[in-house]
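Enquirer: Dropping a structure here in structure tokens format, bear with me for questions.
Bear in mind these aren't lab numbers, they're just calculated from the coordinates by the rules spelled out. All figures in this text were calculated on a predicted structure; none of them were measured in a lab. Note that we place each Cβ from the backbone using ideal geometry, even for glycine, and neighbour counts take in every protein chain shown.
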Amino acid sequence: MNAPFEGIGASVRRKEDLRFISGRGNYTDDINRPNQTYAVFRRSDRPHANIVSIDTSAAKSAPGVVAVYTAEDLAAIGGLPCGWQIHSKDGSPMAEPKHPVLAEGKVRHVGDPIAVVIAETKQQARDAAELIEIDLKDLPATATVTDALKSGAAQIHDNAPGNVCYDWHIGDKEATEAAFAKAAKIVKLDLENNRLVPNAMEPRVAIGDYDRHTSDYTLFTTSQNPHVIRLLMGAFVLGLPEHKLRVVAPDVGGGFGSKIYHYAEEATVTWAAGKLGRPVKWTADRTESFMSDAHGRDHVSTAEMALDAQGNFLALRVNTLANMGAYLSTFAPAVPTYLYATLLAGTYRTPVIYAEVKAVFTNTVPVDAYRGAGRPEATFLLERLVDTICHDTGFDPVAIRLQNFIPKDAFPYQTPVALQYDSGDYFTTMEVAMKNADYAGFPARKAAAAAKGKLRGIGISTYLEACGIAPSAVVGSLGARAGLYEVANIRVHPTGSVSVFTGTHSHGQGHETTLAQLVTSQLGVPFSQVEIVHGDTNRIPFGMGTYGSRSLAVGGTAMVKAMDKIIAKGKKIAAHLLEASVDDIEFADGSFKVAGTDRAKSLSEIALTAYVPHNYPITEIEPGLDETAFYDPANFTFPGGCHVCEVEIDPETGVTSIVNFTAVDDVGRVINPMIVEGQVQGGVAQGIGQALLEHAVYDSNAQLLSGSFMDYTMPRADNLTNISVATENTLCTHNPLGVKGCGEVGAIGSPPAVMNAVISALKDYGVRHMNMPASPEKIWGIINAGRKAAE
Amino acid sequence: MPQVTLTVNGKTSTVEVEGRTLLVELLREKLGLTGTHVGCDTSQCGACVVHVDGNSVKSCTMLAVQADGSSVTTIEGLAKADGTLHPMQEMFREHHALQCGFCTPGMVMAAVDLVAKNPQGLSEEQIRHGLEGNLCRCTGYHNIVKAIDAAQPLMHAK
């Protein structure tokens, strides 16, 4: 019997599942250290206030309390650093106010940590935290970018006048204005991209540990990038060198961006563990997650398209206000600039574009990258604008897209907003999506729904995203303070099994499976003989982690480079053993063969020889079969595609049901189709959540109203339907696997498809645009107002 | 402090707890059964679902003292002693019904109870309705619904 095919292209069942389905996962909260203490943070319940006094005496003498710390105690450590520096139009660097680990003199958002209690049990810490007396003097607060920019608005940071972080632009302003001046038609749309809470199901956890004998620190944390945390926390906050600080991110229960950033709790527990000489464990409850995990989106924009009489896009002008929240989170300044405005060409050959982006501080939780990060905002703006053009002018939404797509033969395609797309075919993804969605049959379905008293709508969205983050020199020139390469160490053991040490991190993506498939295909090692190791700075040489759909395009390519070195070395050993010239050795299917003969050595024979080098070319090469590669990508990768959504609205309740959702994506070469399908389905579910259900709501005083699962509407099984997923792939031209990335496409393409469908269903009610989420309340209000007007 | 005696996955234990200790805290912290997870603090997410006397229960919603004398099954106790997986576990793996795995124990325990209590069979809509109390952020539920549907005949055939 032939072994099942388990290499590139096979829907291999996941290695990691066995432990997860039997309760044997090892998440951070499952870890307990001997003699452990528990930390509970006392957080601000006010959005903006001066701290008049903090009295910790009652808390300190409460049962079981080991220590209580405030900002005063942390005076010697640094603030939480930001990983990017954006420059404003005038060349000045962005305002970069200090982000203290614990609030210093002032609180700036609900949830801002003021003090930490460390006690023998979690209950004791929780009880004592209540005993801290904090006298706050309220200041006026703002939650929205528009309020924060008003003259006379409360100043959140002394060194950010007018609450502006930066005022940035991209593109050719004069050429854009010239194109607008000669346009036959200009369509303008004001729109908002709603603030979201990522809500990975596992709340954040951090455990600091300290060894008095060696003075080594260990941080166990729910992170997407343990080396990045080691770098940021070690170098900028605590002043610990790399060799004295180990960061472990074991099984992590979802991230979606929210676990990229270095958070205050990580620094606090690590510092406190050193101070106390005991492990310190902090586990967020969900309420804390809502007010301390970085939020996503929150843009207010104006978009204008200039068209000629035939519907060709002549120029795009965009003005966006981006909410940064109260402090700059790790990636925050990059999101509305280099992950958003550079994407405004989308799938279209719009010849000139000009975008202005103002980033604004408010009294809200910091905003940073959430699944898609900037690209969903760009796609929502473009695809709503295209449908609004059709609404205003009568052009057909399919025809106008086809007419303006970047032609298939135009790649590589240089956009007017910096990016150069290497490959893509937006015609085919749209054609297949329309076929799979039975777009042509929609009028009949609409009529059938109308006969039942329901409103049906259909919406299309096409998108282009930039991922595989990122070429270091490019992002460095744009303001990144780090490189964004990836690292892989491939260790072929003496008997031929393989351990891969990758700098990427899996928190649901299935790397233990997909990356093992790469090894099976490239080295011919059976899938069961490959282990993928990630998430521990003491085991993995280095790495930048997982976000921006980079694990395969960047991390997988680093693995291929390391495997190329393994094969090159193996050829030399094989040449020696087979008494042939290195040039005559071919490697395929796990076997080194003298070309044109049947003389061969298997990889495991070569590995054994490398570790037991009795008959070995020892003067030419070293023993061992263990290679490391750093790979820096030449460009971003550019997945794209088309999503079609069909909705039915019940006019009696305003409730929207998704009746069909069809995604056709170009994600480059697919390693494991089952996993790709799952990634797209999950992303689409989050996009549908954004479009119909989710909204992080602050009141006018900057109090967080949707602060729990009781108030923040997470998509549930009965809010969703089956999601049809297909791929129509073109290969990435600059990485050897031809891969692009699939983690974010679902969340990027879907929100405008849903909203275009909702607005199409409400066509008879004169709806031109609606901001997300399209809640039953909003829709019922529109329908009811329409009915009243008709009466 | 109150004492609680309960049988978990076939093993009887007596433990001292505070009155306010939740069943999930007893399982995770006193008995070391960390397969049961805590994903929220408002009994919304269902990551903590276990079976108490044959019924699925959100173990963050039940005080440990309320479980005195009960028989509890957690995800660790679902497979047979020889390691043979329960059909629901098998189908979750077969249909890629999990990604990060954090909601999975509660999702599997809720699904087992849902299917067991409905021997007449459940439609896709009924499965989706039955899963309302369990949140998953990774999968979009699509494959979870498929897995549960596929587990129905396997569970009822036994």
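Enquirer: I need the chymotrypsin sites (Phe, Trp or Tyr not before Pro) found in the stretch A:1-102, filtered to DSSP loop residues with at most 15 other beta carbons within 10 Å of theirs.
Expert: A:PHE5
Enquirer: Continuing with the same structure: Jot down the radius of gyration and Dmax of the stretch B:87-157, Cα atoms only, both in angstrom.
Expert: Cα only, the stretch B:87-157: 10.7, 32 Å (Rg, Dmax).
Enquirer: Follow-up question, since we're still on this one. Pull up all non-local amide H partners of A:ARG195: gap of 5 or more, or a different chain, and H-to-H distance under 5 Å with H placed in the peptide plane.
Expert: It is A:ASP298, A:ALA696, by chain and number.
Enquirer: May I pose another question? Could you go through the stretch A:632-646 in sequence order and give the Karplus-derived ³J(HN,Hα) for each residue, using 6.51 cos²θ - 1.76 cosθ + 1.60 with θ = phi - 60°, rounded to whole Hz, and x for Gly and Pro?
Expert: 10, x, 7, 7, 5, 9, 10, x, x, x, 9, 10, 10, 10, 10
Enquirer: Which residues' amide hydrogens lie under 5 Å from the amide hydrogen of A:VAL659, considering only partners 5 or more residues apart or on another chain, with H built in the peptide plane?
Expert: A:GLU646, A:VAL647, A:GLU648
Enquirer: Amide H of A:LEU80: which non-local residues (sequence gap of 5 or more, or other chain) have their own amide H closer than 5 Å, using H built in the peptide plane?
Expert: Under 5 Å from the amide H of A:LEU80 lie the amide H atoms of A:HIS99, A:VAL101, each far enough along the sequence or on another chain.
Enquirer: I need the calculated FRET efficiency for the pair A:LYS60 and A:ARG24, taking r as the beta carbon distance and R₀ as 41 Å, to the nearest 0.05. Please report the intermediate quantities before stating the final value.
Expert: On the way: r = 40 Å, r/R0 = 0.97.
Computed FRET efficiency for A:LYS60 and A:ARG24 comes out at 0.55.
Enquirer: For A:GLN703 and B:GLN120, what does the FRET efficiency come to when R0 = 35 Å and r is the distance between their Cβ atoms, rounded to the nearest 0.05?
Expert: The computed FRET efficiency comes out at 0.15.
Enquirer: Check the straight Cα-Cα distances from A:LYS569 and name the lysines below 22 Å, setting aside those fewer than 8 residues away within the same chain.
Expert: A:LYS561, A:LYS593, A:LYS601
Enquirer: ³J(HN,Hα) across the stretch A:59-65 via Karplus (A = 6.51, B = -1.76, C = 1.60, θ = phi - 60°), whole Hz, x for Gly/Pro?
Expert: Rounded to whole hertz, the list is 5, 5, 9, 6, x, x, 6.
Enquirer: Okay, next question. Sorted from largest down, what three extents in whole angstroms do the Cα atoms of the stretch B:3-76 have along their principal axes?
Expert: Extents along the principal axes: 28, 23, 20 Å.
Enquirer: How about the stretch B:1-83: which trypsin sites (Lys or Arg not before Pro) there lie in a loop by DSSP and see at most 13 other Cβ atoms within 10 Å?
Expert: Those that pass, being in a loop and sparsely packed, are B:ARG20, B:LYS80.
Enquirer: If I model the protein assembly as shown as equal point scatterers sitting on the Cα atoms and use the Debye formula, what is log10 I(q)/I(0) at q = 0.04, 0.05, 0.10 Å⁻¹?
Expert: -0.19, -0.29, -1.22
Enquirer: Which pairs, out of A:LYS89/A:LYS173; A:LYS281/B:LYS30; A:LYS15/B:LYS80; A:LYS60/A:LYS275, put more than 18 Å between their alpha-carbon atoms?
Expert: On the way: A:LYS89/A:LYS173 12 Å; A:LYS281/B:LYS30 16 Å; A:LYS15/B:LYS80 20 Å; A:LYS60/A:LYS275 16 Å.
The pairs that break the limit, which is 18 Å between Cα atoms, are A:LYS15/B:LYS80.
Enquirer: For the stretch A:1-124, what is the convex hull (Cα atoms) projected area averaged across all directions, in square nanometres?
Expert: Values: hull surface 64.7 nm².
Over all viewing directions, the stretch A:1-124 projects a mean Cα-hull area of 16.2 nm².
Enquirer: To continue, here is another question. If you take the Cα Rg of chain B and divide it by 2.2 N^0.38 Å, with N the number of residues, what do you get? Let's see the in-between values first.
Expert: On the way: Rg = 15.4 Å, N = 158, 2.2 N^0.38 = 15.1 Å.
Taking N as the residue count of chain B, the ratio is 1.02.
Enquirer: Averaged over all directions, how much area does the convex hull of the C-alpha atoms of the stretch A:485-631 cover when projected, in nm²? Kindly include the intermediate steps, with their values, before the conclusion.
Expert: Values: hull surface 34.9 nm².
Projected over every direction and averaged, the Cα hull of the stretch A:485-631 covers 8.7 nm².
Enquirer: OK, next. Choose one of B:CYS103, B:HIS129, B:ALA116: the residue whose Cα lies farthest towards the positive end of the charge dipole of the stretch B:87-157 (beta-carbon charges +1 Lys, Arg; -1 Asp, Glu; about the Cα centre).
Expert: The residue sitting most towards the positive pole is B:CYS103.
Enquirer: For A:LYS435, give me every one of the aspartates and glutamates with a C-alpha distance below 15 angstrom, ignoring sequence neighbours fewer than eight places off in its own chain.
Expert: Correct list for A:LYS435: A:GLU646, A:ASP665, A:GLU728.
Enquirer: What is the gain in length, in nm to one decimal, between A:SER528 and A:ASP135 on full extension, counting 0.36 nm per residue of separation less the C-alpha to C-alpha distance?
Expert: Values: separation 393, 0.36 × 393 = 141.48 nm, distance 6.01 nm.
Result: 135.5 nm gained on full extension.
Enquirer: Can I ask one more? Can you list the lysines whose alpha carbon is less than 16 Å from that of A:LYS106, not counting same-chain residues fewer than 8 positions off?
Expert: A:LYS98, A:LYS137
Enquirer: Would you mind calculating the gained length between A:ASP632 and A:PHE5 on full extension (0.36 nm times residue separation, minus the Cα-Cα distance), in nm to one decimal?
Expert: Going from the current span to full extension adds 222.7 nm.
Enquirer: At 7 Å along Cα-to-Cβ for each site, give me the label-to-label distance between A:ALA568 and A:VAL612 in nm.
Expert: The two pseudo-label positions are separated by 2.9 nm.
Enquirer: Further question on the same structure: Place a +1 charge on the Cβ of each Lys and Arg in the stretch B:3-76 and a -1 charge on the Cβ of each Asp and Glu, then give the dipole magnitude about the Cα centre in debye, rounded to the nearest 20.
Expert: For the stretch B:3-76, the charge dipole is close to 100 debye.
Enquirer: Also, quick follow-up: Express in nm, to one decimal, how much length is gained between A:GLN420 and A:ASN50 on full extension, taking 0.36 nm for each residue of separation and deducting their alpha carbon distance.
Expert: Result: 128.4 nm gained on full extension.
Enquirer: Okay, which of the stretch A:720-742 sit inside 17 Å, backbone N to the point 7 Å along the Cα-Cβ direction of A:LYS408?
Expert: Label zone hits: A:727-732.
Enquirer: Determine ³J(HN,Hα), in whole Hz, for all residues of the stretch B:27-39 in sequence, where each value follows from phi through the Karplus function 6.51 cos²θ - 1.76 cosθ + 1.60 and θ = phi - 60°; x replaces Gly and Pro.
Expert: The phi angles translate into 5, 6, 8, 8, 9, x, 8, 8, x, 7, 10, 10, x Hz.
Enquirer: Go through A:499-509, A:447-457, A:708-718 and give me the packing order, highest mean Cβ count within 10 Å leading.
Expert: A:499-509, A:708-718, A:447-457
Enquirer: Stokes-Einstein D for the stretch A:694-785 at 37 °C, 0.692 mPa s, Kirkwood Rh over Cα pairs, in µm²/s?
Expert: D = 195 µm²/s.
Enquirer: Per residue and in cubic angstrom, what volume does the convex hull of the Cα atoms of the stretch A:221-328 have?
Expert: Per-residue hull volume (Cα only) is 172 Å³.
Enquirer: Here's a follow-up. Taking the Cα-to-Cβ direction at B:HIS129 and at A:LYS188 and moving 7 Å from each Cα, how far apart do the two end points lie in nm?
Expert: Calculated label separation equals 4.9 nm.
Enquirer: Starting from the 7 Å offset along Cα-to-Cβ, what nm value, one decimal, do you get for the label separation of A:ASN159 and B:ARG20?
Expert: 4.1 nm
Enquirer: Can you give the angle from 0 to 90° between the axis of helix B:142-157 and the longest principal axis of chain B, with both taken from C-alpha atoms, to the nearest 10?
Expert: Long axis of B:142-157 versus the principal axis of chain B: about 80 degrees.
Enquirer: For A:SER472 and A:LYS244, what does the FRET efficiency come to when R0 = 22 Å and r is the distance between their Cβ atoms, rounded to the nearest 0.05?
Expert: So, using R0 = 22 Å, E works out to roughly 0.25.
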